[in-house]
């Protein structure tokens, strides 16, 4: 380890998180070439690919001859998986038929792993989206111009070369699709508002949370670069070496390149293109949400915020009293700049949170991104009856539309940590402060 490894936790929380592999991963990333500050695991930490989910790591762009490391494993396969929240100017009582609305949303929001049902765009449109993100969606008529100010990085990251042909083709039909696994569209109601209320929310107000990412396009970008970089490392006595760069890593899944190398710049460029597609995808899903709402009721909608989870960004941070330009990897972690909204989905039976970043956040202005898993998908399917769970949730007034019973089992509340506990730990660590707690009304799952 070249820096300290920090976990947002307490003794009770640690006792529940029994998978030691995540801790080993945190120790491993603390030895990455060019690492600065501290390696972090947010309160929702669990085992991932190379990096733990909930992992935050920064490397110095001016370290060595070509800069510190950038690692595709530190971002993940669903590049710019993220969450956005849309506020509706109405309460639950203003919706004439919530069951009907939930059914319409399920019919209009394509979900599942296939990517079928995307918006009809051509190759020129997709090139614009990869280059300009949500800005291109405004020009295509799929987003409002006023949305852009409420999206992280205004919905667009700089990119020149774009993505591989295979990644491009995987994205051509997937725009406006939700995906599978933990991706969802969820109508929620504001259960409670904490001391401050900067967004003028009100109790019982209806909001919509959308959780999705870059679909097959982003997965292919990660696959392309992980394969290329892993091939450049050789194992010597359990440590992986790249002699060209003088890099040593503890796990091949951490394969990385110097940020200023040809390989590092190629990955950063493609990752930014995939991130732009993800911003556009959430814009497209919002467009479909707005179209569906318009058929059911007369209501104004406002994009409250859209935040990324899986991304590496170049930012300036204070390290040891000096400004350092860093590549900040956030894998299953959310940027949490002072006064910035932080969206933390819990699970479909418990609730979610709107938080706000706090000044003095020492984890590179980062926070948790959700509740965090405690059961693997296979273990959840073994332990939890999806059909029974659906009936139980519906008995509590939570309408759930899911493609298969397996999804119900995999995404069951018992498969996740307690989101309230995760939020409390984040707040106690000085990373965030609570704004509002949200309760699920209707859930569309992949």
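The values are calculated or read from the model by the stated rules, or taken from the named source; none is laboratory data. The structure displayed is predicted, hence computed values, not measured ones. When we count neighbours, we look across all protein chains shown, and the Cβ atoms used for this are built from the backbone with ideal geometry, even at glycine.
Condition check ((1) free of Cβ contacts under 8 Å to residues at least 40 places away in the same chain; (2) in contact with a helix residue (DSSP H, G or I) (Cβ under 9 Å, 6 or more places away or on another chain)) across all residues:
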residue	(1), (2)
354	no, no
360	no, no
364	no, no
387	yes, yes
391	yes, no
403	no, no
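May I ask you to verify whether residue 192 is more than 17 Å from residue 87 (Cβ to Cβ) and either touching a helix residue (DSSP H, G or I) at 6+ places or on another chain (Cβ under 8 Å) or in contact (Cβ under 8 Å) with a residue 24 or more places away in the chain (or both)? Here the answer is no, as residue 192 does not meet what is asked.
Within segment 243-253, the set of residues being out of contact with any strand residue (DSSP E or B) (no Cβ under 8 Å at 6 or more places or on another chain) and under 23 Å from residue 52 (Cα atoms) comprises just one member, 253.
Criterion first (touching a strand residue (DSSP E or B) at 6+ places or on another chain (Cβ under 9 Å), surrounded by fewer than 19 Cβ atoms within 10 Å (Cβ to Cβ) and more than 18 Å from residue 282 (Cβ to Cβ)) does residue 191 satisfy it?
yes
Of the residues that make up segment 207-217, is at least one touching a residue at least 24 places away in the same chain (Cβ under 8 Å) and over 19 Å from residue 110 (Cβ atoms)? Yes, segment 207-217 contains a residue that is touching a residue at least 24 places away in the same chain (Cβ under 8 Å) and over 19 Å from residue 110 (Cβ atoms). Within segment 223-246, being loosely packed, with under 11 Cβ neighbours inside 10 Å and touching a helix residue (DSSP H, G or I) at 6+ places or on another chain (Cβ under 8 Å) holds for one residue alone: 235. Does segment 151-169 contain at least one residue that is within 30 Å of residue 406 (Cβ to Cβ), out of contact with any strand residue (DSSP E or B) (no Cβ under 7 Å at 6 or more places or on another chain) and either surrounded by fewer than 20 Cβ atoms within 10 Å (Cβ to Cβ) or at pLDDT below 95 (or both)? Yes.
The criterion of at least 2 residues that are over 22 Å from the mean Cα position of the chain (by Cα) and over 21 Å from residue 300 (Cα atoms) is met by the following helices (runs of 4 or more DSSP H) wholly inside segment 74-171: 123-132, 165-171. Between 39, 43, the distinction of being crowded, with 19+ Cβ neighbours inside 10 Å, in contact (Cβ under 8 Å) with a residue 60 or more places away in the chain, touching a helix residue (DSSP H, G or I) at 6+ places or on another chain (Cβ under 6 Å) and within 19 Å of residue 431 (Cβ to Cβ) belongs to 43 only. Residues in segment 242-273 that are over 26 Å from residue 24 (Cα atoms) and without any contact (Cβ under 8 Å) to a residue 60 or more places away in the chain: 244, 262, 263, 265. Restricting attention to segment 1-33 and to residues that are in a loop (DSSP other than H, G, I, E, B) and touching a residue at least 40 places away in the same chain (Cβ under 8 Å), the residue that is surrounded by the fewest Cβ atoms within 10 Å (Cβ to Cβ) turns out to be 10.
When 111, 69 are checked against the criterion of being buried (at least 20 other Cβ atoms within 10 Å of the Cβ), modelled with pLDDT under 95 and in contact with a strand residue (DSSP E or B) (Cβ under 7 Å, 6 or more places away or on another chain), a single residue qualifies: 111.
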